[in-house]
Structures are given as structure tokens and as C-alpha cells.
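Taking it in order: structure first as C-alpha cells, then the write-up.
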Amino acid sequence: QTKRCNGCGIEKPLSEYHFHASGPQKNTPMSRCKTCRLESTNEWRHASGKTRPLSQAKDSASYLGVHIAERVLGGYFDNMERMPYSNPGFDFVCGNGYKIDVKSSCAQTYKQYRRWNFHVFQNMIADYFLCIAFDNRESLAPQHVWLIPSNEVNSKLNFKIYDTTKNLLKWSRFERPVGKAITCCQKMRAEEGF
């Protein structure tokens with residue numbers, strides 16, 4: 001069965017709706033789909049001052065992972081379908097049907113080495129992890145981009161890539177050109193004035 005959403009006007013399967021839990025409409029789908037309800041709730045939270053839009057929350061972890069890194073991926077590849085915020089297991093589906101989870105990290109110094117730490121939390125849903133290595137949170141200049149098949153890292157909670165010749169060589173077969181990511185970040189910086 002399907003239902004037309006009162007928010008976006010699109011006919012969607014009932015699995016795309018929350019159901020009323022009580023009252024006279026108990027067990028019937030709500031008038032707006034999950035995506036529209038989430039957008040509306042976020043807008044209300046921002047307008048009421050309960051939360052800030054991600055574009056203004058530069059000190060939060062989600063700012064780098066969602067607002068920046070996912071936008072970079074959206075500009076990095078063609079034919080990407082973005083999933084709703086908090087979609088379990090992946091952020092995008094590419095034109096070939098692969099599920100891609102975006103991960104980002106700013107360089108940290110451990111002992112005398114710089115490294116990037118990517119948290120994958122044993123994600124068995126994604127087909128690939130797109131890992132973007134930034135220099136720091138202030139300039140957000142991409143240093144490396146890796147498109148790593150899930151089976152290489154999905155058994156781990158997190159993995160680290162060290163900024164050493166030997167370790168970068170180990171991951172080099174998954175590295176993608178960083179130029180397009182740099183261009184995307186420069187465009188975002190110009191638009192948002194950071």
C-alpha cells in the first residue's frame with residue numbers, strides 16, 4: 001500500500017511513514033512521511049533555538065561528518081542519491097547501486113606521527129566507506145580521499161591511517177584524487193564565509 005505525503009506530495013510506501021501510537025487514529029499512518037517530519041522537526045528546533053543548524057555548529061562532530069564531508073561527497077561523484085539524516089549504515093547510494101558511508105577525520109598527532117582516525121563501528125551495511133582526511137577543523141583543507149571497500153575495514157570499530165610513507169602506501173590502492181574534494185571545500189568556504 002502507498003499514501004501521498006501531505007508535506008512533499010509524493011506517493012510513498014507505508015514503510016516511509018510513522019504510525020499513530022494512540023488515540024482515534026491508532027495504527028494509521030501519519031499525514032507526512034518520515035523525511036518531511038524530520039525536516040519539519042529540525043526547522044522547528046532551529047527556529048526555537050533548541051538546536052543550531054549544522055552550518056552554524058562548527059564545534060560539533062556532526063558538522064565535519066555531515067555538513068562538510070557529506071556535501072563534499074555529493075560534489076565529488078555524479079549520480080549520487082543522498083539518504084535522509086540518520087539513515088542507518090550509509091549516507092549515499094551511487095548510480096551503480098552501491099551504498100556509501102562517508103567518514104571524515106581531522107589530523108591528530110600521536111607520539112611523533114600525524115594520523116587520521118575513522119570510526120566505522122563494524123558497519124556491515126555499507127558497500128564502501130568514503131574517507132576524507134582533513135588537515136584541521138579551522139581550514140578544513142582535504143589532504144586525502146580514500147574509497148575503501150567495506151570488507152577491508154568493516155570488522156573494526158575504527159581504523160587509523162598514519163601520515164607516513166609506509167602507511168600511506170598501504171592504503172594507496174584505495175586513494176582517489178583529492179583535487180575535486182578541495183574544489184568542493186573551497187566552494188563551501190566561499191558560500192559560508194569560513
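The values are calculated or read from the model by the stated rules, or taken from the named source; none is laboratory data. Note that the coordinates shown come from a computational prediction; the quantities given were computed from them, not determined experimentally. Heads up, the Cβs are rebuilt from the backbone with ideal geometry, glycines too, and the neighbour counts pull from every protein chain shown.
Figures for the structure shown
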read-out: Those residues of region 74-92 which are touching a strand residue (DSSP E or B) at 6+ places or on another chain (Cβ under 6 Å) and surrounded by fewer than 13 Cβ atoms within 10 Å (Cβ to Cβ), in sequence order; value: Glu81
read-out: Within region 97-121, considering residues that are over 16 Å from the mean Cα position of the chain (by Cα) and of a type in the set (S, T, N, Q), the one farthest from Val72 (Cα to Cα); value: Gln112
read-out: Wholly within region 93-181, strands (runs of 3 or more DSSP E) carrying at least 2 residues that are of a type outside the set (Asp, Glu) and surrounded by 13 or more Cβ atoms within 10 Å (Cβ to Cβ); value: 99-106, 113-119, 128-134, 142-149, 158-162
read-out: Residues within region 130-144 that are in contact with a Phe, Trp or Tyr (Cβ under 7 Å, 6 or more places away or on another chain) and under 23 Å from Arg173 (Cβ atoms), tallied; value: 4
read-out: Pair list, Cβ under 6 Å, 6 or more apart: region 1-28 residue without any contact (Cβ under 8 Å) to a residue 40 or more places away in the chain and under 19 Å from Thr41 (Cβ atoms), other residue hydroxyl-bearing (Ser, Thr, Tyr) and part of a loop (DSSP other than H, G, I, E, B); value: Asn6/Ser31; His20/Thr28
read-out: Qualifying position, being under 26 Å from Asn42 (Cβ atoms), modelled with pLDDT of 90 or more and small (Gly, Ala, Ser), among Ala190, Ala107, Ala133, Ala126; value: Ala126
